1. Can you go through Ala255, Ala200 and tell me which one is assigned to a helix (DSSP H, G or I) and closer than 30 Å to Val147 by Cα?
2. Tell me which residues, restricted to segment 168-192, are within 23 Å of Asp328 (Cβ to Cβ), more than 16 Å from ligand 1 (Cβ to nearest atom) and not in a helix (DSSP H, G or I).
3. Please go through (1) under 30 Å from Val297 (Cα atoms); (2) modelled with pLDDT under 95; (3) among the β-branched types (Val, Ile, Thr) for Ile61 and return the number of the only condition it doesn't satisfy.
4. Within segment 133-156, does at least one residue satisfy the condition of being away from ligand 3 (no atom under 16 Å from the Cβ) and among the aromatic types (Phe, Trp, Tyr)?
5. Considering only residues that are surrounded by 15 or more Cβ atoms within 10 Å (Cβ to Cβ) and over 21 Å from the mean Cα position of the chain (by Cα), which ones fall in segment 427-439?
6. Could you check segment 126-160 and list, in sequence order, the residues that are in contact with an Asp or Glu (Cβ under 7 Å, 6 or more places away or on another chain) and within 16 Å of ligand 1 (Cβ to nearest atom)?
7. Would you confirm whether any residue within segment 413-434 is touching a residue at least 60 places away in the same chain (Cβ under 8 Å) and assigned to a strand (DSSP E or B)?
8. Quick one: what pairs do we get from segment 266-289, first residue free of Cβ contacts under 8 Å to residues at least 60 places away in the same chain and more than 12 Å from Arg305 (Cα to Cα), second among the β-branched types (Val, Ile, Thr) and crowded, with 22+ Cβ neighbours inside 10 Å, C-beta under 7 Å, 6+ apart or different chains?
Amino acid sequence: MTTTLITGGTVVSATGRSEADVLIDGEKIVALISPGTTPLGTIAADTVVDATGKYVIPGGIDAHTHFELPFGGTEASDTFESGTRAAAWGGTTTVIDFAVQTTGTKVQDGLAKWHDKAAGNCAIDYGFHQIMGGVDDDSLKAMRGFVDEGITSYKMFMAYPGVFYSDDGQILRAMQTAADLGLLTMMHAENGPAIDVLAAQLVEAGKTTPYYHGIARAWQMEEEATHRAIMLGNLTGAPLYVVHVSAKQAVEQLAWARDKGQNVFGETCPQYLYLSLEEQLGADSKEWGAFEGAKWVCSTPLRSREEGHQDHMWQALRTNDLQMVSTDHCPFCMKGQKDLGVDDFRKIPNGIGSIEHRMDLMYQGVVTGELTLERWVELTSTTPARMFGMYGQKGVIAPGADGDVVIYDPKGHTTISKDTHHMNMDHSAWEGFEIDGHVDTVLSRGKVVIDRGEYLGAKGDGRFVKRGLSQYLI
Ligand code: DUC
Ligand code: ZN
Ligand code: ZN
């Protein structure tokens with residue numbers, strides 16, 4: 001077993017910061033040592049990592065990724081191998097991807113397929129949520145095996161009729177089962193049937209460009225579905241976690257339910273904090289013309305800055321009306337994938353790739369004063385660990401936890417570009433973004449996988465994490 005000592009840094013947790021050295025023995029953190037104390041005698045570690053002037057934080061946890069997701073006649077362009085490697089570059093040491101059951105297939109087959117895709121291919125640790133694409137007697141029975149499989153959360157879609165969609169009766173039945181088992185219900189909250197009508201009307205009127213993706217998926221569709229999901233959760237007693245929240249009105253629904261004491265939670269994603277309907281979806285360029293906006297076609301969609309959604313998301317992250325930031329990493333290339341929808345925005349595969357940039361993008365909130373350092377750690381690591389039943393093992397720098405550690409240099413600087421990122425994409429949704437701060441060194445279960453600009457990890461290093469029940473419930 002090798003020992004690693006991280007010296008001279010400022011250890012930041014969700015609740016505070018302190019000057020301490022961190023000792024890792026093999027895969028586990030074994031001690032935090034304050035300056036001037038030598039409780040373990042003279043420590044002669046095999047490897048010493050100097051973190052002077054830098055932050056030492058628990059590895060990032062991205063609880064919402066889609067590697068190799070079949071969508072719109074194509075497949076998300078990052079594999080488990082490329083996606084988890086890019087995650088490591090960006091200071092994320094655990095991902096939770098979504099195993100997929102589509103309508104008409106068996107849940108167990110979907111899960112087995114996802115284990116096959118991931119096993120032996122990941123650079124960092126990974127877990128799964130289960131997408132339920134068809135709620136029936138069979139799938140409800142399958143849910144009863146989830147906890148033993150270490151899959152304690154599952155996702156349903158109020159959108160995408162004919163693909164992933166569940167109607168209210170199906171949602172009700174699944175939530176009843178989830179309440180019984182203690183599972184966390186994750187919801188894609190958009191009124192899909194109404195959106196599909198609006199989208200068809202727009203296309204018929206000749207409004208086919210990416211911008212109209214955002215118009216069809218109006219905020220009213222998100223607010224209404226969020227409210228409906230909350231009420232179904234209220235009735236059944238099922239804890240609810242709403243994914244990729246982008247409308248301020250949806251946040252207001254979550255806050256309303258939380259104020260009444262309901263177990264309701266929400267995540268947003270970097271794209272809903274920084275990007276907008278006007279500036280990105282409505283963009284055009286020499287290269288792609290009016291189709292440039294396809295890079296940012298995702299669902300829920302980017303919202304209008306004029307309407308104030310982005311500012312509201314930042315505020316909600318401060319007030320804990322939103323508890324987490326995940327990426328919904330679902331990358332597609334422009335050539336050969338996004339361009340399937342060049343004549344009709346409905347055919348553009350939905351998704352943005354950001355897994356490599358989440359820690360950096362959220363650190364900008366610290367730079368601008370939107371977030372404290374501690375809240376940055378909480379939103380990107382500690383709460384994801386608690387929400388999804390991994391806290392203690394992940395999400396914290398403490399004796400007994402996995403040696404998942406990021407050394408972050410606040411003096412570093414990066415310009416994001418497709419030419420330097422490690423995601424399998426021919427463009428970047430974040431091209432030209434200037435980042436203050438930099439991921440310097442990353443350890444995954446005690447192994448240095450990123451060493452100041454060098455990748456030292458390997459596919460197969462990452463292991464499946466069997467998760468427990470949520471540790472975040474009220
Ligand atoms: N939203 C996306 O943008 N992509 C994949 C699925 C989803 O819900
Ligand atoms: Zn979704
Ligand atoms: Zn998603």
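The values are calculated or read from the model by the stated rules, or taken from the named source; none is laboratory data. It should be emphasised that the depicted structure is a prediction, and the values quoted were computed from it without experimental measurement. Quick reminder, even Gly has a Cβ in these numbers, built from the backbone with ideal geometry, and neighbours come from all protein chains shown.
1. Working: Ala200 fails: closer than 30 Å to Val147 by Cα.
Criteria check complete, one pass: Ala255.
2. Our first condition is that a residue be within 23 Å of Asp328 (Cβ to Cβ); within segment 168-192, this holds for 170-171, 174-175, 178, 183-192.
This time we only want the ones that are more than 16 Å from ligand 1 (Cβ to nearest atom), so: 170, 174-175, 178, 183-184.
Those that are within 23 Å of Asp328 (Cβ to Cβ), more than 16 Å from ligand 1 (Cβ to nearest atom) and not in a helix (DSSP H, G or I): Leu183, Leu184.
3. Going through the list (1) under 30 Å from Val297 (Cα atoms); (2) modelled with pLDDT under 95; (3) among the β-branched types (Val, Ile, Thr), Ile61 breaks only (2).
4. Yes, some residue in segment 133-156 is away from ligand 3 (no atom under 16 Å from the Cβ) and among the aromatic types (Phe, Trp, Tyr).
5. Listed by number, the list holds a single entry, Asp436.
6. Within segment 126-160, Phe128, Met158, Ala159 qualify.
7. No, the conditions are met nowhere in segment 413-434.
8. Short answer, once both residue conditions are applied: Gly266/Val242; Gly266/Val245; Gly266/Val251; Thr268/Val245; Thr268/Val325.
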